[in-house]
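Novice: Sharing a structure with you now.
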Amino acid sequence: MSASRQRTARPISAEDAAGLVRSGDWVDYGAVLCQPDLFDHALAARVGELENVNIRACLSVRPRAVLEADPRREHFHFFNWHFGGYDRKRGDAGLQNYIPCNLGEIPDYYRRFIDPPEVLAIKTRPPDANGFFNFGPANLWHGAVTERARTVIVETDPAIPLVHGIDNGLHADQIDYVIEGGGLPLPELPNAAPSEIDRAVAERIGAEIEDGTCLQIGIGAMPNAVCSLLIDSGVRDLGVHTEMLTDGIIDLHRAGVVTGARKNVNPGKVVYSFGLGSQRLYEAIDDNPDFSCQPVDMTNLPHMIMRNDRLVTINNTTQMDLQGQASSESSGHRHISGTGGQLQFVRGGYASRGGKSFICMSSTHERNGVRSSRVVLHLTPGNVVTAPRSDIMYVVTEYGLVNLKGKSIPERARAMISIAHPDFREDLERDARANGLIPRAFF
């Protein structure tokens with residue numbers, strides 16, 4: 001069966017669609033809000049009939065029935081491009097594995113390196129009058145998988161908003177089977193209230209943002225605190241070119257702070273590749289031409305990012321060493337999230353004319369009543385380096401903002417110590433000197 005043939009979308013039940021899967025098959029579930037539910041439950045019901053079914057997905061927003069039905073991982077093997085909270089727990093239980101990636105490269109992985117999956121099963125809106133099935137706010141790499149998959153199945157859901165964008169959906173002649181679904185409200189991502197530390201970091205970054213700046217905002221309370229700060233800052237005509245659309249960006253748009261009027265590329269448009277947040281986010285983007293959902297290789301590749309001048313990228317990390325390496329996705333050998341687009345936006349922000357890249361974190365974290373510094377002599381053994389020292393530009397904590405570009409190792413160590421919590425600075429200085437990062441003669 002040719003993956004490039006013209007298809008004919010035919011109705012099918014979830015049970016019959018799951019019946020197309022054979023032992024040893026690769027099945028792709030797509031990402032975020034496009035992951036299927038009815039198909040997932042129907043496939044899980046076949047747990048005793050199948051062996052070595054490999055499922056590839058990204059950032060699960062609901063529990064996956066195939067994982068819950070196979071707690072010993074004897075029938076289904078689940079692989080994930082980026083862990084959310086549910087995925088992290090299932091990863092801790094040994095029920096799924098992470099696939100290292102730069103998120104913006106994934107369409108190319110499917111086109112060049114990944115064997116065609118036997119089945120692609122994703123969720124879309126029901127078809128419009130022209131036979132077009134909209135992805136909603138989850139464009140990502142679904143088009144690239146469709147090009148390769150041997151069988152394409154869509155599960156429709158009328159709750160998915162109608163989202164404008166580029167190649168943001170499939171036509172009936174790209175689809176083999178259609179499962180009529182829906183009935184559940186869309187999953188929402190809770191918004192954590194910003195802490196005093198979040199606000200302190202946001203104020204330092206906000207001071208670096210000018211009229212006409214183009215923003216990329218990462219996930220988390222700290223980057224979103226920047227959005228809250230900017231609403232009343234007096235800054236105007238901000239643009240957005242980001243991977244993830246968040247509630248904070250919606251708030252900026254509603255407040256009239258984001259207009260996109262000064263963007264070089266897609267002026268007037270909030271450009272993103274997927275959106276995840278509250279119901280008001282889904283309502284704000286529904287049939288709204290101000291928002292453009294685009295494939296992730298259009299939003300995340302550094303040479304695409306840098307086309308907008310004065311691009312400011314803001315992302316979280318969890319630990320940095322004194323040389324400037326950022327570890328943002330693991331805790332030792334325990335995987336907690338993913339590289340996502342962080343490294344690509346660090347590079348794209350730096351390469352943008354007048355651009356700035358910020359990596360932010362609280363200076364400490366507490367676990368089991370023990371407080372530890374996030375600024376360390378060396379990363380926790382097993383921690384993955386998400387952004388190497390050579391790529392880091394600005395680093396921000398509640399105690400300061402430093403720029404590592406062009407700095408030597410002793411200068412970097414001193415800069416990182418200066419933004420560590422005061423309780424840990426003396427030990428960090430001593431350790432840096434004992435390990436040769438700061439020579440005795442260094443001023």
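Novice: Where does the Debye-calculated log10 I(q)/I(0) of the stretch 8-54 sit at q = 0.22, 0.25, 0.28, 0.31 Å⁻¹, using only Cα point scatterers of equal weight, no solvent?
Specialist: Taken in order of the listed q values, log10 I(q)/I(0) reads -0.83, -1.02, -1.17, -1.25.
Novice: Could you list which residues have their amide H under 5 Å from that of G136, counting only those 5 or more apart in sequence or on another chain, with H placed in the peptide plane?
Specialist: R125, V163
Novice: Starting from the 7 Å offset along Cα-to-Cβ, what nm value, one decimal, do you get for the label separation of A45 and S13?
Specialist: Taking the two extended label points, one gets 0.7 nm.
Novice: Please report the orientation-averaged projected area of the stretch 196-434, defined via the convex hull of its C-alpha atoms, in nm². Spell out each step's value before the answer.
Specialist: Working: hull surface 51.4 nm².
Its average projected convex-hull area is 12.8 nm².
Novice: With 10 angstrom as the radius, rank D423, D40 by how many other C-beta atoms surround their C-beta, starting from the fewest. Intermediate results must be reported in sequence, preceding the final value.
Specialist: Details: D423 11, D40 28.
Fewest to most other Cβ atoms nearby, the residues stand as D423, D40.
Novice: Can you give the direction-averaged projected area of the convex hull of the alpha-carbon atoms in the chain, in nm²? Walk me through the numbers before you get to the answer.
Specialist: Numbers: hull surface 86.2 nm².
Mean shadow area of the hull around the Cα atoms is 21.5 nm².
Novice: Starting from the amide H of F78, placed 1.01 Å from N in the peptide plane, find each other amide H under 5 Å away whose residue is 5 or more places distant or on another chain.
Specialist: Result for F78 returns I55, N97.
Novice: Give the calculated FRET efficiency between R353 and R111 to the nearest 0.05, with a Förster radius of 45 Å applied to their Cβ-Cβ distance. Walk me through the intermediate numbers first.
Specialist: Numbers: r = 30 Å, r/R0 = 0.67.
E(calc), rounded to 0.05, equals 0.90.
Novice: Using only the alpha-carbon atoms, what does the stretch 316-417 span along each of its principal axes? Please give whole angstrom values in decreasing order.
Specialist: 44, 29, 22
Novice: Given the C-alpha centroids of the stretch 1-64 and the stretch 371-438, what is the distance between them in whole angstrom?
Specialist: Here the answer is 45 Å between Cα centres.
Novice: What FRET efficiency, computed as 1/(1 + (r/R0)^6) with R0 = 60 Å and r the Cβ-Cβ distance, is obtained for E74 and A261, rounded to the nearest 0.05?
Specialist: Efficiency computed from Cβ-Cβ geometry: 0.60.
Novice: Between S23, H335, F76, whose Cα lies farthest towards the positive end of the dipole of the chain when Lys and Arg beta carbons carry +1 and Asp and Glu beta carbons carry -1, centred on the Cα centre?
Specialist: Positive-end residue among those listed: H335.
Novice: Based on the alpha-carbon gyration tensor of the stretch 1-118 and its eigenvalue square roots a ≥ b ≥ c, which shape applies: rounded if a/c is under 1.5, prolate if not and a/b is larger than b/c, or oblate?
Specialist: oblate
Novice: Here is a further query. What's the ranking of 105-117, 58-70 by average number of surrounding C-beta atoms within 10 Å, highest first?
Specialist: 58-70, 105-117
Novice: Still on this structure, I have one more. Label points 7 Å out from Cα along the Cβ direction at N288 and R367: separation in nm?
Specialist: Between N288 and R367, the label points sit 3.8 nm apart.
Novice: What's the FRET efficiency of E180 with A434 using the Cβ-Cβ distance as r and R₀ = 56 Å, to the nearest 0.05?
Specialist: So, using R0 = 56 Å, E works out to roughly 0.25.
Novice: Another one. Under a plain spin-label model, where a point goes 7 Å from the Cα along Cα-to-Cβ, how far apart in nm are E147 and A207?
Specialist: With each label placed 7 Å out from Cα toward Cβ, I get 4.7 nm.
Novice: As I understand it, the value is the acute angle between the Cα axis of helix 342-351 and the longest principal axis of the Cα atoms of the chain; what does it come to in degrees, rounded to 10?
Specialist: 60
Novice: A further question follows. On a full-extension model of 0.36 nm per residue, what is the gain between E426 and R5, subtracting their alpha-carbon distance, rounded to one decimal in nm?
Specialist: Working: separation 421, 0.36 × 421 = 151.56 nm, distance 6.60 nm.
Using 0.36 nm per residue and subtracting the Cα-Cα distance, I get 145.0 nm.
None of the figures in this text is laboratory data; all of them are computed from the coordinates on show. What you are looking at is a predicted structure, and each value in this text was computed from that prediction instead of being measured. Cβ sites come from the backbone with ideal geometry, for glycine too, and all protein chains shown count toward neighbours.
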